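Student: Before I ask anything, let me first share the structure, which is written out below as structure tokens.
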Amino acid sequence: MKNRWIELLLLCVCLLRFSSMVSPLDQSREFSEAKNFEGSSDLVDLQYHMGPVLASPINLYIIWYGHWNQNQQATIRDFIYSLSSPSSSASYPSVADWWRTVRLYTDQTGSNITGNFVLSGEFYDFKYSHGGYLSRLDIQSIIKNSVTTSDPHTLPLNPHNGLYLVLTSTDVQVQDFCRAVCGFHYFTFPTIVGVTIPYAWVGHSGTQCPGICAYPFAWPKNSGRPPPSMNGGHDIMKPPNGDVGADGMISVIAHELAEVCSNPLVNAWYAGDDPTAPTEIADLCVGVYGSGGGGGYVGAVNKDSWGSGYNLNGVNGRKYLVQWVWSPVRRRCYGPNALD
Ligand SMILES: *[C@@H]1O[C@H](CO)[C@@H](O)[C@H](O)[C@H]1NC(C)=O
């Protein structure tokens, strides 16, 4: 079963050569098998490969590529603030509580992944510096542009504890976006950016593929009937912050941040034998947001009186729905909203 799972996964991921979040529906077969991960650990061979993790406080830089509205930006910004907020600013289970599972990963010196994110700069690439159709490598050129442009809001180039997060707006097409990936993380190449720095990209799927990358806030029209648990599609969850694409991005951003911190140079924490197609700590739990989740069922999560689904609290009264990650201590997918 394990071999079959890995084989199916490699089939899908081997094309990518980047460490990516693979959409649940592209992998519906693995996805249904992934149900097992919540309860059992014998399928998973997550290993440490001796590379660094992001253990120092992180200076996060956001690059807003394309056209964004302020509500979308505020939703995402508040999520970043929530990652390292004190427990007094968001009640349990909070985003910071969720991040505690990621912090359980250490490097060979015994240093844990940091719990400290500082949003240290934002760059507005509203002129679409590299156009409306981007290759994967273009994301690195966009980072290069953000640290070299003469624009007064230019970002610092920070190879010591910098992490760059490129977010593309709903009208921007990115290579493999919606087909194979909703986001990915990697590290910059010295030939493009001048130094090696970890980065992540996530796209706003609102008009291109909400049913794939903003699941479960949208159901793909061409995928056949929704599962019975959704009452024929009528019970599709409403996004807690009112924007299907942006709310869907939150879980993908969380996924990529968890993985870039635990596997920044793609030589630290991953499962599988193939380092070009690593299965990382969030890949193991795609589609699982609560107890019992998997196989198309999100698991036990909360619904507010408007029907919005969420499993975490954030700063400023925010609510977010974020997938679980693999816990190295519990040896299963876990989040702070777990019922056991
Ligand atoms: C660091 O990781 C170890 C091993 O998983 C864990 O026991 C410890 O609680 C972690 N410390 C923090 C602050 O998360």
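Bear in mind that the values in this text are calculations on the coordinates, not laboratory data. In this text, all values refer to a predicted model and were calculated from it rather than measured experimentally. Methodologically, a virtual Cβ is constructed for each residue, glycine included, from the backbone with ideal geometry; neighbour enumeration extends over all protein chains shown.
Student: Modelling each spin label as a point 7 Å along the Cα-to-Cβ direction, I'd like the GLN73/TRP306 distance in nm, to one decimal.
Tutor: Each label point lies 7 Å from its Cα, and together they span 2.2 nm.
Student: Tell me which of LEU284, ASN263, ALA300 sits at the most positive position along the dipole axis of region 16-334, charges placed on C-beta atoms (Lys, Arg +1; Asp, Glu -1).
Tutor: It is ALA300, whose Cα lies furthest towards the positive end.
Student: Eight or more residues apart or on different chains, and alpha-carbon atoms under 25 Å: count the Lys pairs in region 16-334 matching that.
Tutor: 10
Student: Region 267-301 to region 153-188: how many Å between their Cα centroids?
Tutor: One Cα centre to the other: 21 Å.
Student: Listed highest first by mean packing, meaning other Cβ atoms within 10 Å per residue, what order do 200-208, 172-180 come in? Don't skip to the answer; put the middle values down first.
Tutor: Numbers: 200-208: 24.9, 172-180: 18.3.
The most tightly packed comes first, giving 200-208, 172-180.
Student: When a/c is below 1.5 the answer is rounded, else prolate if a/b is larger than b/c, else oblate, so apply that to region 16-334 with a ≥ b ≥ c taken from the square roots of the Cα gyration tensor eigenvalues.
Tutor: On the way: a/c = 1.40, a/b = 1.17, b/c = 1.19.
Here region 16-334 falls in the rounded category.
Student: Need the full-extension length gain, SER56 to GLN108, defined as separation in residues times 0.36 nm minus the C-alpha distance. One decimal, nm. Don't jump to the answer; show the numbers that get you there.
Tutor: On the way: separation 52, 0.36 × 52 = 18.72 nm, distance 1.44 nm.
Extra length available between SER56 and GLN108 comes to 17.3 nm.
Student: Fully extended, how many nm does the chain gain between SER150 and GLN173 (0.36 nm per residue separation, minus their Cα-Cα distance)? Each step should come with its number before you reach the end.
Tutor: Values: separation 23, 0.36 × 23 = 8.28 nm, distance 2.59 nm.
Additional length available on full extension: 5.7 nm.
Student: Continuing with the same structure: Order of 263-275, 147-159 by packing, highest average Cβ count within 10 Å first? Walk me through the numbers before you get to the answer.
Tutor: Working: 263-275: 19.1, 147-159: 14.0.
Top to bottom by mean Cβ count within 10 Å: 263-275, 147-159.
Student: If you don't mind, there's one more thing I want to ask. Among ASN313, ILE62, SER141, which residue has its Cα positioned farthest towards the positive end of the charge dipole of region 16-334, with +1 placed on the Cβ of Lys and Arg, -1 on the Cβ of Asp and Glu, and the dipole taken about the Cα centre?
Tutor: Final value for the positive-end residue is ASN313.
Student: Calculate one ³J(HN,Hα) per residue across region 146-154 by plugging θ = phi - 60° into the Karplus curve 6.51 cos²θ - 1.76 cosθ + 1.60, and present them in order as whole Hz with x for glycine and proline.
Tutor: Taking θ as phi minus 60°, the curve returns 5, 9, 10, 4, 7, 3, x, 8, 3 Hz for region 146-154.
Student: While we're here: Applying the Karplus parametrisation 6.51 cos²θ - 1.76 cosθ + 1.60 with θ = phi - 60° to the phi angles of region 136-141, what ³J(HN,Hα) value in whole Hz is obtained for each residue in order, glycine and proline being reported as x?
Tutor: Here the 3J(HN,Hα) series is 4, 5, 4, 4, 5, 5 Hz.
Student: Quick one: length gained pulling LYS127 to ASP273 fully straight, 0.36 nm per residue minus the C-alpha distance? Walk me through the numbers before you get to the answer.
Tutor: On the way: separation 146, 0.36 × 146 = 52.56 nm, distance 4.17 nm.
That pair, LYS127 and ASP273, stretches by 48.4 nm at full extension.
Student: Residues with amide H under 5 Å of GLU280's amide H, sequence separation 5 or more or different chain, H placed in the peptide plane at 1.01 Å from N; which?
Tutor: ALA271
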